[in-house]
Structures are given as C-alpha cells and as structure tokens.
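The values are calculated or read from the model by the stated rules, or taken from the named source; none is laboratory data. Computed from a predicted structure; not experimentally measured. Every residue, glycine as well, gets a Cβ built from its backbone with ideal geometry; the counts of neighbours run over all protein chains shown.
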Amino acid sequence: MTSFLDSRISEELRYQAIEWAIRCSDGGSEDERRALAAWLEEDPAHRAAYAEIAACLEWLDSFRGADLPARREAARYRPSRHRRRAQRWVGLALAAALVLALGLTAFSPDGWYGSRDRYVAARGDLQTIDLADGSRLELNTDSEVEVRFNRWQRSVTLVRGEAYFRVAHDAERPFVVIAGNGRSVDIGTEFDIYMRPDRVLVAVHEGRVRVDARQSRELGPSETLAYNRAGEFVPVGSDESVDTVTAWRRGKLVFNNRRLDEVLAEIGRYHDIRLRLTDASLGRLTVSGTFFINRLDTSLEIIAHSLGVALTRPRPGEVVLGKR
C-alpha cells in the first residue's frame with residue numbers, strides 16, 4: 001500500500017515533525033541540527049513521523065513550477081531565517097496547520113489527490129481485498145493491480161493476471177478498470193477481467209459494464225467481450241462464457257475444445273511447476289472437461305489418458321507430455 005499517512009502516528013507528533021522539517025528545511029543552525037538529531041533519537045515514533053512529513057513535503061515540492069493555491073499558501077507562511085523569531089513561530093504554526101490539514105484530507109481515498117494502493121497475488125495464491133469505497137476485489141493467481149481513488153474517480157489498473165470486481169456503485173465517482181489498451185467502466189455490477197498474453201477478456205456476471213477500446217460497447221449480464229493488444233474487439237471463444245471464465249472462483253478450470261498448449265499454460269498459472277510438450281504439434285490437440293485446481297496430478301493424468309499421450313516426470317517440478 002502506498003500512502004503518506006500512518007494511522008499509528010498521532011496528530012500532535014505530526015505537528016512536532018512539521019515544525020522540525022520546516023526549521024531545518026534551509027539547513028538550519030548547528031544548534032537546530034543537533035536538537036533535531038536528539039529529538040529523532042528519543043523515540044522510533046519521532047523518526048516515523050519525521051519520515052512521513054518529509055515525504056509529504058517532497059511530494060508538494062514536485063509542484064514547484066505549478067501555480068497551485070495550496071503551494072502558494074505554504075510558500076507564504078514558510079519561515080525565512082531573516083524573520084524575527086516571533087514571526088517565524090507564527091509562520092511555523094500556520095504552515096503546520098496547512099500541511100497537516102492537507103495531508104489528512106488530500107491523501108485520503110476521497111481527497112483531491114487520493115490514495116494509491118498496490119496488491120499482488122503470488123502464483124498459486126488467491127486474495128480478496130475490501131476497498132475503501134465498499135467494493136470488493138478478488139485477485140486470481142499470479143495477478144497484480146494498482147488502485148487509485150480520489151474525490152472524482154475510482155481507478156484500477158490490472159497490471160497482469162485476472163481479477164473479479166464487485167463494485168459499490170457511485171454515480172459521482174465512476175469505477176474504471178484499465179487493462180491493456182482498453183477501459184471497462186462499471187455501471188453497477190460484478191465482472192471479471194483477464195489479461196491473456198494476446199488479448200483481454202471481460203465477462204459480466206451482474207449489472208452492466210461499458211468497454212472502451214478502439215470502439216465502445218456495453219455489456220449486460222452473462223455477456224463476454226475480448227479485445228487484442230491494439231484495442232480491437234475480437235471474437236470470443238466457445239469456452240469463454242461467464243461461468244467458464246469465473247470457474248476459478250469455485251476452485252475449478254473448465255475447458256471446451258481448448259488447445260492442449262493453452263490448457264497447460266492455464267493450469268501452470270496455479271502451480272510452481274514446469275509443464276511442457278516434447279512435440280509442438282501436440283499443442284493442437286484439444287481438451288474438454290472440468291478440472292479441480294488443487295488436484296494437479298489427477299488433472300494431468302486425465303488429460304494424458306484422454307489424448308493418448310505419455311506423461312513423465314523427469315525431475316522434481318517438471319512434467320512432460322509426449323507421444324507414446
């Protein structure tokens with residue numbers, strides 16, 4: 001999770017950290033630097049608060065060239081070493097209040113800057129994440145998403161893999177999922193998005209989703225759609241119904257006349273194992289059936305027997321399918 005604010009740090013400690021950061025922002029005197037070092041050594045919480053505020057100030061400094069009201073106010077009250085001490089502490093108090101208020105509101109999920117979060121499911125792992133807006137995100141194996149919420153929109157980027165979304169509808173803040181060269185906009189729904197090597201598949205379970213790529217199309221319940229790397233809509237396969245696509249949520253994989261090489265790649269997503277063919281031509285064989293994700297050996301034996309191919313395990317962590 002990426003956020004400037006740590007809920008374990010008290011407001012009073014933030015004020016102290018802001019004062020130290022501003023006092024020493026221009027280098028400070030030797031006495032001030034020694035006093036800061038002593039304050040940081042007093043308590044690990046002091047160091048955590050100071051690091052948090054330093055990150056906020058560094059972020060604000062990235063807008064040095066921008067004419068933003070918040071930055072103008074911060075600059076107005078930033079103390080100069082040539083000001084009188086009384087003026088300096090008044091400036092510090094005002095700047096502290098400004099930066100603290102900015103931090104508490106701007107970096108919250110519904111603030112103007114918002115929050116950024118990153119979630120990863122490792123190979124063989126499934127994760128369920130409850131988002132700040134009440135939506136729920138289920139990550140399939142070997143998947144990664146980046147979540148960005150702010151006052152105006154809710155945005156999720158599917159970096160790799162697959163995710164199922166159960167969205168809390170908010171007409172004022174659209175829920176947008178970016179995957180490859182397309183965007184899926186929630187219109188109050190549950191849907192699955194899977195980034196395959198050659199295309200992105202969108203499957204709607206409930207409600208409606210608008211998919212914007214090179215073209216735009218709205219999907220309803222039990223409808224699926226696919227687009228390629230260029231954002232062009234492409235035909236959906238016979239084994240890409242909503243129930244089939246989301247079978248992983250029930251611990252299953254369902255194939256309907258799917259190429260063997262694609263089946264092995266799909267099964268391999270869930271296990272730390274290498275599955276390979278001795279002859280590329282075997283990849284064109286087709287597989288149909290329902291397989292339990294957690295029963296790897298049984299699934300492979302059934303596939304090998306039904307296709308009349310040999311199954312060997314030359315070494316730990318590797319399974320080979322070849323001609324008999």
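Table for the structure above
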{"read-out": "Filtered residues of the range 263-285 (kept if touching a residue at least 24 places away in the same chain (Cβ under 8 Å) and either in contact with a Ser or Thr (Cβ under 7 Å, 6 or more places away or on another chain) or charged (D, E, K, R) (or both))", "value": "Ile267, Arg269, Tyr270, Asp272, Arg274, Arg276, Asp279, Arg284"}
{"read-out": "Enumeration of residues in the range 275-293 that are within 28 Å of Arg249 (Cα to Cα) and either surrounded by fewer than 12 Cβ atoms within 10 Å (Cβ to Cβ) or over 37 Å from the mean Cα position of the chain (by Cα) (or both)", "value": "Arg284"}
{"read-out": "Tabulated pairs, the range 143-158, first free of Cβ contacts under 8 Å to residues at least 12 places away in the same chain, second buried (at least 16 other Cβ atoms within 10 Å of the Cβ) and of a type in the set (S, T, N, Q), C-beta under 9 angstrom, 6+ apart or interchain", "value": "none"}
{"read-out": "Test: residue in the range 217-228 that is among the charged types (D, E, K, R), modelled with pLDDT under 95 and surrounded by 16 or more Cβ atoms within 10 Å (Cβ to Cβ)", "value": "no"}
{"read-out": "Residue count for the range 165-207, restricted to those that are of a type in the set (D, E, K, R) and either farther than 20 Å from Asn140 by Cα or not assigned by TED's automatic domain parsing to the domain that holds Val234 (or both)", "value": "3"}
